[in-house]
Every structure is written in C-alpha cells, then in structure tokens.
1. Carbon and sulfur atoms: what percent of the 1.4 Å accessible area of the chain do they account for?
2. In the chain, how many lysine pairs have Cα atoms under 21 Å apart, counting only pairs 8 or more places apart or on different chains?
3. Using a 1.4 Å probe and ignoring any ligands, DNA or RNA, find the accessible area of ASP4 and quote it in Å² to the nearest 10.
4. Would you kindly state how much longer the chain becomes between SER28 and ARG104 on full extension, computed as 0.36 nm times their sequence separation minus their alpha carbon distance, in nm to one decimal?
5. Measuring from a point 7 Å past the Cα of ASN57 along Cα-to-C-beta, which residues in segment 122-163 have an amide N at less than 18 Å?
6. Sorting check: for 100-111, 120-131, which peptide has the highest mean count of neighbouring beta carbons within 10 Å, and how do the rest follow?
7. Which order do you get for THR157, THR142, THR137 if you rank them by accessible area with a 1.4 Å probe, largest at the top?
8. Accessible area per residue for the chain in Å², computed with a 1.4 Å probe and the full protein assembly in place, what is it?
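The values are calculated or read from the model by the stated rules, or taken from the named source; none is laboratory data. Since this is a predicted model, take the numbers as computed values, not measurements. Every residue, glycine among them, receives a Cβ derived from its backbone with ideal geometry; neighbour counts consider all protein chains shown. The area values use the complete protein model at the heavy-atom level, side chains included, leaving out ligands, DNA and RNA. Shrake-Rupley method; radii C 1.70, N 1.55, O 1.52, S 1.80 Å.
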Amino acid sequence: MFADVKTKLSERWALFSERDQKSVIVLSVSLLVAIIIFGIVMPLVNAQNNAKNSLANAETTYQELLAIAPQALANGQSTPAFSISSLNSEIRRQAVRYGLSIQRFEPQGDNLRVWLEGARYPSVVKWLAGLESMGITQAELTLDDENKPGFVSVRVTFALPKN
C-alpha cells in the first residue's frame, strides 16, 4: 500500500518543473520551521515565563509571611476598652494601615461583620494580627481564594473585647 503511494508521489513529483520542485522544498522546510517555532518553542518559553512569575510571587508572599510571623504569633497583653463604634473605626484604621479596602460592615449586637474582596493574603494576616494584639479577636473567619495567587476574599466577624 505504501509502495503504491510512494510510486504515485514520485511520478507526480517528476511532473513538476525543477523550479516548482525547489519551491515545494523551500515551502515545506519553512512550514516545518514555523511548526517547530510556534508549536513547540514559543509555548515552552511562555510556560517557563509563567512558572518564573508564579515562583517570584510565591517567594514574595513567603518572605512577607516570614516577616510577620512573630507579630502574628504574639498575643497582646493589655486590652483597651472598645465600644462598637470605636471597634468599627479601629478596624478601619488598621485596614488602611495595611493597604486593605473594606467593602462592607454589618453590626450584630456586640459583634461586627466585615467583608474584604481581592485582598493580599499577607496584608490580611498582618491586619488580623495587629487587631488581635489590640485585643480585637475574630469570632468567625472565612477566607476564600481569588483567581490571582496570593489574593483572598475575607469575611470576618469581630467580637467586642470583654474587660
């Protein structure tokens, strides 16, 4: 079967002029080079660049978390007295300090629910650790991954500190 195909192709090739044969060879080589470059080399280069960017982002996040680990692990010794309004303003002040944007507040008795969208995880940890060192604790905390690595959506309920 393959011998028949080879014979037919050889006969057809012999019908081409020498100029046409050279043109087909040049076009075939060009097509092969284009397939290798755009089908193999470029996707590999893009994948390598994406992996390098992901690694750099992960290393940055890791270094930020290492830097705040002692602060996050330390507990505050003294707890100042807070009302729900002063709790609200202190949470906002600390959020601004760590570059966080709060989307929504919702008071619930002695608790305060707070929502953040698309926040950097290390900043959220710093923010929560800073609040905890002031005696503002979380009664409930939900973290959801965002589409971008290192970013989260946060829903947290803060309890009014008891003296």
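1. C and S fraction of accessible area: 59 percent.
2. 4
3. Its accessible surface works out to 100 Å², give or take rounding.
4. 21.1 nm
5. Under 18 Å, as judged by backbone N against the label point of ASN57, lie 122-125, 144-154 of segment 122-163.
6. Order by mean packing, descending: 120-131, 100-111.
7. Ranking THR157, THR142, THR137 by accessible area, largest first, yields THR137, THR142, THR157.
8. Using a 1.4 Å probe on heavy atoms only, each residue of the chain averages 69 Å².
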